[in-house]
Amino acid sequence: MISLELPFPPKELSPNARLHWRRVHSVKKRYGMQCYRMASSEILRAGVHSALCGGADTRLLIDFTFYPPHNRNYDEDNLIARMKAGLDGLARAIGVNDSTFKIGKIDRAPVVPGGQVRLHISVMREGGCHGLGASMGKA
């Protein structure tokens, strides 16, 4: 398993935000690129790239822990929808299609100034789930 910390998705990416498409596009692009850069550097640092982009039978289980920037009620489905551009950036950093992602657990944690999202990624093969350490020959 690898853990990544990404920035909390901007409010403009909420499905409930009624903004002009051009504004939403620029926010998506910026957030996706930010997540791509952060994920790329962490994946390189941890040395787990090959474990994450396995064969055709490999799926990646992603558990989310959201640390919101404000003490508001956030719907889980909206939080995941807001993460779409970030998940696209993550998929690009790993070098896989985001269709290999399986949404796992979604937790909400206490408020953190600025907010953040912690992702826990596990490799799944043939119905089983393996931590990244096990798939790399480590205990």
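The values are calculated or read from the model by the stated rules, or taken from the named source; none is laboratory data. In this text the structure is predicted, and so the values were computed from the model without any measurement. Positions of Cβ are backbone-derived with ideal geometry, glycine not excepted, and every protein chain shown enters the neighbour counts. Accessible surface is based on the protein model in full, side chains and every heavy atom, while ligands, DNA and RNA are left aside. Shrake-Rupley method; radii C 1.70, N 1.55, O 1.52, S 1.80 Å.
Exactly one residue among ALA56, ALA93 is modelled with pLDDT under 95, under 12 Å from LEU4 (Cβ atoms) and of a type in the set (Gly, Ala, Ser), and that residue is ALA93. When segment 12-26 is filtered for residues that are closer than 21 Å to PRO113 by Cα and either outside any helix (DSSP H, G or I) or free of Cβ contacts under 8 Å to residues at least 24 places away in the same chain (or both), the ones remaining, listed by number, are GLU12, SER14. Here is the figure for segment 11-34: residues that are surrounded by fewer than 18 Cβ atoms within 10 Å (Cβ to Cβ) and either closer than 15 Å to LEU79 by Cα or at pLDDT below 90 (or both) total 13. Restricting segment 84-108 to residues that are outside any helix (DSSP H, G or I), touching a residue at least 24 places away in the same chain (Cβ under 8 Å) and closer than 20 Å to VAL123 by Cβ, the residue that is most open to solvent (accessible area, probe 1.4 Å) is LYS105.
Going by the conditions given, is ARG45 of a type in the set (D, E, K, R), without any contact (Cβ under 8 Å) to a residue 12 or more places away in the chain, more than 21 Å from MET1 (Cβ to Cβ) and surrounded by fewer than 16 Cβ atoms within 10 Å (Cβ to Cβ)? If you could, list the steps in order and put the result at the bottom.
Details: of a type in the set (D, E, K, R): yes; without any contact (Cβ under 8 Å) to a residue 12 or more places away in the chain: yes; more than 21 Å from MET1 (Cβ to Cβ): no; surrounded by fewer than 16 Cβ atoms within 10 Å (Cβ to Cβ): yes.
Spelling it out, it is not the case that ARG45 is of a type in the set (D, E, K, R), without any contact (Cβ under 8 Å) to a residue 12 or more places away in the chain, more than 21 Å from MET1 (Cβ to Cβ) and surrounded by fewer than 16 Cβ atoms within 10 Å (Cβ to Cβ).
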